[in-house]
Amino acid sequence: MTTVKKLRLHGFKSFSKLTEIEFGEGFNCVIGANGSGKTNVSDGICFVLGRLSAKSLRAERSSNLIYNGGKHGSPAKQAEVSIIFDNSKNELPVKEKEVKVTRIVKQNGQSVYKLNDNTVTRQQILETLGLLK
């Protein structure tokens, strides 16, 4: 069974700086105070895996997923989320031991999808991930 190793968020919703969350073996949980970004972690996972509806990610439009600067910061130019899967058992048709799926959303709302840093279509991401057991 393929597992998630890491989640990287940068400029996505409340994550202004590059934030990396490592997942261990077995059960993992995200805990924190109200307003600390727990739901934004799950939104990031849904986003990178190809969810199209910005409203289901609690945003009016895709460009609203980009960090807006808050009260004192600078707005991000784009939002980027990557999820890294362990592929040591070669369950995905990629030669590498890790498979990184990335989605970037630009200010104009357009998304770019990447598989191990190579630009691909959303459909190619879905087909690749559809092979997971």
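The values are calculated or read from the model by the stated rules, or taken from the named source; none is laboratory data. Computed from a prediction, not measured in an experiment: that's the story for all the values here. Cβ sites come from the backbone with ideal geometry, for glycine too, and all protein chains shown count toward neighbours. Each accessible area value is taken on the protein alone, full model and side chains, heavy atoms only, with ligands, DNA and RNA left out. Shrake-Rupley method; radii C 1.70, N 1.55, O 1.52, S 1.80 Å.
Observations
- Segment 40-98, relative contact order [Cα under 8 Å, separation at least 6], %: 23 percent
- For segment 32-48, putting each phi into the Karplus relation 6.51 cos²θ - 1.76 cosθ + 1.60 with θ = phi - 60° gives couplings of x, 5, 4, x, 8, x, 4, 5, 5, 5, 5, 4, x, 5, 4, 4, 5 Hz, in residue order, rounded to whole numbers and with x for Gly and Pro.
- The chain: most fluctuating residue of Asp43, Asp117, Asp86 per GNM, C-alpha cutoff 10 Å: Asp117
- With 0.36 nm allotted per residue and the present C-alpha distance subtracted, the Ala33-Thr121 stretch has 28.0 nm of extension available.
- Relative contact order, whole percent, for the chain stands at 26, derived from Cα pairs under 8 Å and 6 or more residues apart.
- log₁₀ of I(q)/I(0) at q = 0.22 Å⁻¹ - the chain, Debye sum with one point per alpha carbon: -1.40
- For the set Cys46, Cys29, the ranking by accessible area, highest first and with no ligand, DNA or RNA atoms included, is Cys29, Cys46 under a 1.4 Å probe.
- Cβ-based net charge around Lys5, under 9 Å, with every Lys or Arg adding one and every Asp or Glu removing one: -2
- About its Cα centre, the chain has a charge dipole of approximately 380 debye under the convention of +1 per Lys or Arg Cβ and -1 per Asp or Glu Cβ, with nothing else charged.
- For segment 15-96, the number of Lys pairs separated by eight or more positions or lying on different chains, with C-alpha atoms closer than 18 Å, is 4.
- Result for the chain in a Gaussian network model with C-alpha springs under 10 Å: among Ser74, Ser63, Ser16, the largest mean-square fluctuation is at Ser74.
- Reported value for segment 9-63: 97 Å³ per residue, from the convex hull of its C-alpha atoms.
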